[in-house]
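Notes to accompany the following structure.
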């Protein structure tokens, strides 16, 4: 019996596409239609201001998500690394993203995760960081003992002052839905911006 290879490949590809399409619909389209819990939160959420919404657009336009994630995973190393003043960062929960039209969870961590950066540094620090990021933060010795800047982030000095203010306003909202910066007695730690 002669097998028609081309027809066999066509049926295999069609079957694979149909199975993929069914899986995509069942995992992305059906759940929000069935459960409205995915669109609301039982926790109080920050509503973005006009300035913060402009900052989101700048964050998206400048491709910040290509190097920065916005999710603390269930890994002890993530919680310790992105914590603050020896307090481990809280793990990201799905309800924190209910108000987000754009998804900036990211997958590549060339730069630090930004999920809990809001209030960690002052707006002045962010301003200086956007203008000249390689002059901020730690410096490490190279093989010759000469200290080199650790950051590889490019400068955003070409942004207007208003754009940097908008971007900073958005960055300062990240991680603010959870009150996770407390000491062992539950007393809130100093936050640069209330």
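Every read-out reported here was derived from the displayed coordinates using simple, explicitly stated rules and does not represent laboratory data. These numbers come from a predicted model, not from an experiment. Every residue, glycine among them, receives a Cβ derived from its backbone with ideal geometry; neighbour counts consider all protein chains shown.
Worth a mention:
- Simple label model, 7 Å out from Cα along Cβ direction - residue 28 to residue 14, nm: 2.4
- Gain in span if fully extended, residue 67 to residue 122, counting 0.36 nm per residue against the direct Cα distance: 17.6 nm
- Computed FRET value (nearest 0.05) for residue 162 with residue 109, which takes r as the C-beta separation and R₀ as 30 Å: 0.55
- Sites residue 47 and residue 87, calculated FRET efficiency, Cβ-Cβ separation with R0 30 Å, nearest 0.05: 0.70
- Extension gain, residue 184 to residue 134: 0.36 nm times the residue separation minus the Cα-Cα distance gives 14.5 nm.
- Helix 5-24 axis, angle to the chain major axis (alpha carbon atoms, nearest 10°): 50
- q = 0.16 Å⁻¹, the chain: log10 I(q)/I(0) [Debye, one scatterer per Cα]: -1.12
- Estimated purely from DSSP H runs of n ≥ 4, each contributing -39500 (n - 2.57), the mean residue ellipticity at 222 nm for the chain is -9500 deg cm²/dmol once divided by its residues.
- Descending by average beta-carbon neighbour count within 10 Å, the peptides 112-125, 86-99, 41-54, 8-21 line up as 112-125, 86-99, 41-54, 8-21, the highest first.
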